[in-house]
Every structure is written in structure tokens, then in C-alpha cells.
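Engineer: If you scroll down you'll find the structure; I have some questions about it.
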Amino acid sequence: MLETAAIAFTTFFATVAPVDSAFMFAALTADNTPEERRHMAFRGVAIATILLLLFAFFGKVLLARLGISLAALTTAGGILLLLMGIDLVFARNSGAMSTTRAESREAEDRTDISVFPLATPLLAGPGTMGAVILIMANAHGDIQKGAITIAMLLLVMLVSLILLLIAGKLEKLLGVTGMRVINRVFGVLLCSLAVQFIFDGIRGSGLLT
């Protein structure tokens, strides 16, 4: 169970990237009042959490409807997470778990960023959605593993909310260097988990038998 919790927490923390999101939030809400920032933080996290929970509970049904096997999902999810981990290690932005340049420019003109870009794609981006479906599918219907996965998702979202609420102070405390160090550490862990997912997916496909 500890292994399940560790894998889920590390994966979600790396894909949601709460520190990155907090820095982006601080930059985009520099002209807003503290009350407005609190409102956007709570609303954005709530919307992102609901979206991710929907993917957690109904993602497997969607896969079945599309005729996608667990082995295919595991392999594809591993490849996607590997690319995201590489982005974290090398401090690159592919848009998989953060905003693209075009999205950032659009967000600068918004007075309320709680839905876009905070809820999605910053907190509930395509990488996180895929990770939620993948980890829940790998629980194979085990209620305890599923519950732990959901608990780790909610814990990461709680951490995200706290960091958003103290985004200004966090920006001054860590600076760009501190943020990059944290991202690189979780990037290495995410790459390792991603490779394991790829191995599991290929093994489950029966191609090597």
C-alpha cells in the first residue's frame, strides 16, 4: 500500500506541478486583490479536482468504449509521462502540464483565471488526466488501491491550494533556482516511473511471449 501511495503521490505531484502552477498564478494575478486571488485559487482547485475525479471514476469506462486495452494505455501513458519527466529535468515547456505561449498571452488579458488557465491546463492538464486514468486502471478494481490513489490525488490538490494561497511568498522564498531544483528531482522520479509503466505495458501486451 505504501508503494501505491508513493507512486500515486510522486506521479500526481510531478504532473500537476504545484510549484510551477503557484509561480504562474503569482505572475498572472499580480494586479488582483488578495481576496480575488483567494477566490480564484479555491475555485480553480475545486474545478480541477472535480475534472480529475471524473477521469478517475469514469476513465476506465471510456477506455472500454473506445476499445483501448490496459496494456496499450500503460505503454502510451508511460511514454507521455516519460516526455513530461524529461521536460521537468531539462526545464522545458511542451504544454503537456503547463500553458503554451499562446495560452499565457491569452491569460494575461483575463481578470478571472480560475477556470482557464488555472483549473486547466495548469492543474488538470492532459498529462495529469492521463496519469489519473492510468494509475486507477492499474489498480485492477482493488478498492483499497483505488482509495489510496484518490487520497493521494486529493492530497496533491490540497498542497496545490496551499501553494496558490501563498504564491507570492513562495516566489520570493524559492526563486527560480529553487523551483527548478524541485522540478528536476520529481522529473527524475517521474522518468523512472514512466519507464516502469512502459515495461509493464509491453509485458502485458503479450508481444514478448
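We did not get these values from a lab; they are worked out from the coordinates using the rules stated. Quick caveat, the model's predicted, so the values are computed rather than measured. Counting neighbours? That spans all protein chains shown, and the Cβs are built from the backbone with ideal geometry, glycine included.
Engineer: Out of 112, 87, 142, any idea which swings most in a Gaussian network model of the chain, alpha carbons joined below 10 Å?
Structural biologist: Most flexible of the set in this elastic network: 142.
Engineer: Continuing with this model, one more query. Tell me which label goes with the value of Cα extents along the principal axes in Å computed from the coordinates here: [x] 59, 34, 31; [y] 90, 41, 28; [z] 121, 56, 24.
Structural biologist: Structure-derived value, by its label: [x].
Engineer: Among the helices of the chain (complete DSSP H runs), which have Cα atoms covering no less than 20 Å along the helix axis and a Kyte-Doolittle mean of at least 0.0?
Structural biologist: 2-16, 34-66, 70-89, 143-165, 167-205
Engineer: With Cβ to Cβ distances under 14 Å as the rule, what net charge do the other residues near residue 23 carry (K, R +1; D, E -1)? Mind dumping the intermediate values first?
Structural biologist: Values: positive: 37, 169, 172, 180; negative: 20, 171.
Charge balance in the 14 Å sphere: +2.
Engineer: Peptides 143-155, 159-171: what's the order by average Cβ count within 10 Å, highest mean first? The partial results should precede the final answer.
Structural biologist: Working: 143-155: 16.9, 159-171: 18.7.
With the highest mean Cβ count within 10 Å placed first, the list reads 159-171, 143-155.
Engineer: For the chain, what is the calculated [θ] at 222 nm in deg cm²/dmol (nearest 500), taking -39500 (n - 2.57) for each run of four or more DSSP H residues and dividing by its residue count? Mind showing how you got there, number by number?
Structural biologist: On the way: 8 runs with 162 residues, N = 209.
Value at 222 nm, helices only: -26500 deg cm²/dmol.
Engineer: Figure the gain on full extension for residue 196 and residue 151 (residue separation times 0.36 nm, minus the Cα-Cα span) and round it to one decimal in nm. Show your work: numbers first, answer last.
Structural biologist: On the way: separation 45, 0.36 × 45 = 16.20 nm, distance 2.24 nm.
Here the answer is 14.0 nm.
Engineer: Moving on to the next point. Over the chain, what relative contact order in percent results from Cα pairs under 8 Å that are six or more residues apart? Each step should come with its number before you reach the end.
Structural biologist: Values: 258 pairs, mean separation 97.9, N = 209.
Rounded, it is 47 percent for the chain.
Engineer: Could the peptides 36-48, 121-133 be put in order, highest first, of the mean number of other beta-carbon atoms found within 10 Å of their residues? Before the final figure, lay out the partial values.
Structural biologist: Numbers: 36-48: 18.9, 121-133: 24.3.
Those peptides, ordered most packed to least, come out 121-133, 36-48.
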